[in-house]
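Student: Let me begin by handing over the structure; questions about it come next.
The values are calculated or read from the model by the stated rules, or taken from the named source; none is laboratory data. Everything numeric in this text was worked out from a predicted model, so none of it was measured. Glycine gets a Cβ as well: all are built from the backbone with ideal geometry, and neighbour counts include every protein chain shown.
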Amino acid sequence: MKKSKLTALERSWILYDIGNSAFILLVSTLIPIYFNSLATAGGLNESLYLSYWGYAGSVATLLVAVIGPICGTLADHRGFKKPIFVACMLFGVLGCAAMGVTAGWLAFLIVFVLAKVGYSS
């Protein structure tokens with residue numbers, strides 16, 4: 001069997017997909033557990049914890065619904081595709097990294113919303 005070498009574009013896409021999958025894995029499995037421990041330590045009961053988690057996800061989705069088309073329009077019509085992609089990527093990466101150093105549940109939720117907006121935009 002002949003092995004074919006990957007092009008630079010294929011390697012770049014693979015690395016992008018790995019990072020993309022890692023964020024989704026964290027958001028869907030580990031981050032809710034960590035937020036639960038922060039919320040419990042902050043004195044929130046389970047219903048409040050779940051409510052705030054849902055509100056944070058909704059706020060992030062609404063922000064992406066507003067910001068996404070604006071970024072897309074700027075990228076398409078002004079030729080800023082790569083700078084906007086890099087800015088959103090850095091916003092998401094820094095937000096994801098900042099989630100690990102936040103102390104309280106409210107600060108964590110704010111950083112979570114920012115990271116999710118950066119990831120999704």
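Student: How about segment 69-85: which of its residues are exposed (fewer than 11 other Cβ atoms within 10 Å of the Cβ), on the phi < 0 side of the Ramachandran plot and not in a helix (DSSP H, G or I)?
Tutor: none
Student: Let me ask another. Give the residues of segment 97-121 that are assigned to a helix (DSSP H, G or I) and closer than 23 Å to ILE70 by Cα, sorted by residue number. Write out each step before concluding.
Tutor: Taking segment 97-121 and keeping what is assigned to a helix (DSSP H, G or I), we get 97-99, 105-120.
Answer for segment 97-121, where residues must be assigned to a helix (DSSP H, G or I) and closer than 23 Å to ILE70 by Cα: ILE110, VAL111, PHE112, VAL113, LEU114, ALA115, LYS116, VAL117, GLY118, TYR119, SER120.
Student: For segment 33-53, state whether one or more residues are exposed (fewer than 11 other Cβ atoms within 10 Å of the Cβ), at pLDDT 90 or above and not in a helix (DSSP H, G or I).
Tutor: Yes: one or more hits.
Student: Only one of GLY118, GLY54 is in contact with a Cys (Cβ under 7 Å, 6 or more places away or on another chain), on the phi < 0 side of the Ramachandran plot and without any contact (Cβ under 8 Å) to a residue 40 or more places away in the chain; which? Full working, then the answer.
Tutor: Values: GLY54 fails: in contact with a Cys (Cβ under 7 Å, 6 or more places away or on another chain).
Just a single option satisfies the conditions, and that option is GLY118.
Student: Another question about this same structure. Select, from VAL111, VAL66, the only residue that is surrounded by 16 or more Cβ atoms within 10 Å (Cβ to Cβ) and without any contact (Cβ under 8 Å) to a residue 60 or more places away in the chain. Walk me through it before giving the result.
Tutor: Working: VAL66 fails: surrounded by 16 or more Cβ atoms within 10 Å (Cβ to Cβ).
From the options VAL111, VAL66, the qualifying one is VAL111.
Student: Taking segment 1-32, which residues are at pLDDT 85 or above and not in a helix (DSSP H, G or I)?
Tutor: Listed by number, the residues that qualify are LYS5, LEU6, THR7.
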